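S.K.: Attaching a single structure in structure tokens format; questions to follow.
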Amino acid sequence: MTKADVFPTIDDKTAREEGTVFAPNFDAHGLLPVIVTSAESGEVLMFAYMNAQALALSLETGEAHYWSRSRNALWRKGETSGNRQRIVEMRTDCDQDVLWLKVEMTGSGACCHTGRKSCFYRVVAPGKDGGATPSLVPVDAERQFDPKAVYGHAAAAKGNLKSS
């Protein structure tokens, strides 16, 4: 399924930015960046990509589907973990090349494949005296589920598995 199979194309900038026709502007790889937030709290949960098929399935089912660049495959969020995302609202930016999903999480409420509520569980702290290398400081980093138990292997527990 390609963009042309499902979504219209709008070349006129004014029509794209001010009109009412949804014509997602996929990048050269056929992808749209997607920012995902909690519909309840507004917290940023994750960042992902959708291709035309993932977007069409998301619109059709009301559940978030994405394109995994690392696996080169379509996936429904929560397919393995049970932590699905019900889309409450979908927005696009002015030139329709980014999507924002407000979602309701199911399952344990964890969004990240590492078992955490959000993929954004670390703060980048500046180095001391402005010269040292920045460090990562965990915040809200409690695991909501054990990735090894959910995904079935140690790579998930180490956080180096990209999965749903």
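S.K.: Say we look at the range 79-110 and pick out the residues that are closer than 18 Å to Y49 by Cβ, in a loop (DSSP other than H, G, I, E, B) and in contact (Cβ under 8 Å) with a residue 24 or more places away in the chain; which of these is farthest from the chain's Cα centre (by Cα)?
M.R.: D95
S.K.: While we're looking at this one, here's another question. Going by the conditions given, is W67 under 22 Å from V6 (Cβ atoms), of a type outside the set (K, R) and in contact (Cβ under 8 Å) with a residue 60 or more places away in the chain?
M.R.: Answer is no for this residue.
S.K.: I've got another one for you. What is the residue count in the range 2-49 for residues that are among the small types (G, A, S), under 25 Å from A141 (Cβ atoms) and either touching a helix residue (DSSP H, G or I) at 6+ places or on another chain (Cβ under 9 Å) or not in a loop (DSSP other than H, G, I, E, B) (or both)?
M.R.: The number of residues fulfilling the criteria is 2.
Here is a yes/no grid of residues against (1) surrounded by 15 or more Cβ atoms within 10 Å (Cβ to Cβ); (2) of a type outside the set (G, A, S); (3) touching a Cys at 6+ places or on another chain (Cβ under 7 Å):
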site	(1), (2), (3)
F22	no, yes, no
N25	yes, yes, no
G42	no, no, no
E60	no, yes, no
W75	yes, yes, no
Q85	yes, yes, no
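Only the coordinates and a few stated rules stand behind these numbers; no lab work does. What you are looking at is a predicted structure, and each value in this text was computed from that prediction instead of being measured. All Cβ positions, even for glycine, are placed from backbone atoms using ideal geometry, and neighbour counts span all protein chains on display.
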